[in-house]
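First the structure, in the form of structure tokens, and then the observations on it.
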Amino acid sequence: DLGAQWRGYRSDMTRTFSISPTPKQEKILKISKKAQKAALNVIKADVKAKEVDEAARKVVRKADYEEYYLHGSGHGVGLDIHEPPSLTPDSEDVLKEGVVTTVEPGIYVQGVGGTRFEDMILVTRQGYEFLTR
């Protein structure tokens, strides 16, 4: 998990990798990536933040790993590292065009490891634009 600050604005991204991963580690890596793609597929202006979270959780739930999904699926980033919108199950936030948010589903299994892929995106009317490169 890393980021930078420039002229008061923050960034936030995470990558997970493993050298010689076990089959269980490979499995949770794949589930996390698939969950992030599912969340990204529903992002666009005027979508409820909790719908983005639910898209990611649905993938994790189907893989029978929901008990290991220990945090929300993302958060706004700007002058603060964590700001609205909050991509969580109980969020009342709505994604607005021009908002910057992270998408970061994660799975953490004790004795196996944890995985998260976090990217920053700009919400657009029709979808999103990756800001993380």
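Every read-out reported here was derived from the displayed coordinates using simple, explicitly stated rules and does not represent laboratory data. Source: prediction; values computed, not measured. Cβ coordinates were reconstructed from backbone atoms using ideal geometry, including for glycine residues, and neighbour counts include every protein chain displayed.
Can you compute the helix-only [θ] at 222 nm over the chain? Use -39500 (n - 2.57) per DSSP H run of at least 4 residues, normalise by all residues, nearest 500 deg cm²/dmol.
On the way: 2 runs with 34 residues, N = 133.
That comes out to -8500 deg cm²/dmol.
Taking region 69-126, which trypsin sites (Lys or Arg not before Pro) meet the DSSP loop condition and have no more than 11 other C-beta atoms within 10 Å? Intermediate values should be presented prior to the final figure.
Values: sites: K96, R116, R125; in loops: K96, R125.
Answer by residue number: R125.
Sequence gap at least 6, Cα distance under 8 Å: using those rules, report the relative contact order of the chain to the nearest whole percent.
On the way: 298 pairs, mean separation 38.8, N = 133.
Averaging sequence separation for qualifying contacts and normalising by length gives 29 percent for the chain.
Holding the Cα-Cα limit at 19 Å, pick out from K30/K50; K34/K62; K62/K96; K24/K50; K33/K62 the pairs that are longer than that.
Details: K30/K50 22 Å; K34/K62 11 Å; K62/K96 29 Å; K24/K50 28 Å; K33/K62 14 Å.
From the list (K30/K50; K34/K62; K62/K96; K24/K50; K33/K62), the Cα-Cα distance tops 19 Å for K30/K50; K62/K96; K24/K50.
Rounded if a/c is under 1.5, else prolate if a/b beats b/c, else oblate: with a ≥ b ≥ c from the C-alpha gyration tensor eigenvalues square-rooted, which is region 8-71? Please report the intermediate quantities before stating the final value.
Details: a/c = 2.40, a/b = 1.34, b/c = 1.79.
Oblate shape, in that a/c is at least 1.5 and b/c is the bigger or equal ratio.
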